[in-house]
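J.: Below is a structure I'd like to ask you about.
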Amino acid sequence: MRQDATRELLFRDYLIEHPAEAARYEALKRELADQFPTNREAYTNGKNAFIDEIVEKARLLSNT
């Protein structure tokens, strides 16, 4: 499996299992959408730190 796919699955599965983190992600996405309504790159970049944090948590739990 591609490394990106593994990362995406770790992220998805962690959010499914941790609704509070999913709510944090939703709030972040709304905030970024308001802040960068016409700048897709800034919106995407604004999510990176959160995604990295969640993937690291997921890896620690799954020992991947």
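J.: Can you tell me the order of 8-18, 28-38 when each peptide is scored by its average per-residue count of other Cβ atoms within 10 angstrom, highest first?
T.: 8-18, 28-38
J.: Turning to a different aspect of this structure: Please give the helix 40-62 orientation as an angle from the longest Cα principal axis of the chain, in degrees from 0 to 90, rounded to the nearest 10.
T.: It is inclined by approximately 20 degrees.
J.: Please report, in debye to the nearest 20, how large the charge dipole of the chain is about its Cα centre when each Lys and Arg carries +1 at its beta carbon and each Asp and Glu carries -1 there.
T.: With only Lys, Arg, Asp and Glu charged at Cβ, the dipole is about 100 debye.
J.: What is the helix-to-structure angle for 3-17, meaning the angle in degrees between its Cα long axis and the longest Cα principal axis of the chain, kept from 0 to 90 and rounded to the nearest 10?
T.: 90 degrees
Taken together, the values in this text are just the output of simple stated rules run on the coordinates, not laboratory data. If you're wondering where the values come from, they're calculated on a predicted model, not measured in any experiment. All Cβ positions, glycine included, derive from the backbone under ideal geometry; neighbour counts span all protein chains shown.
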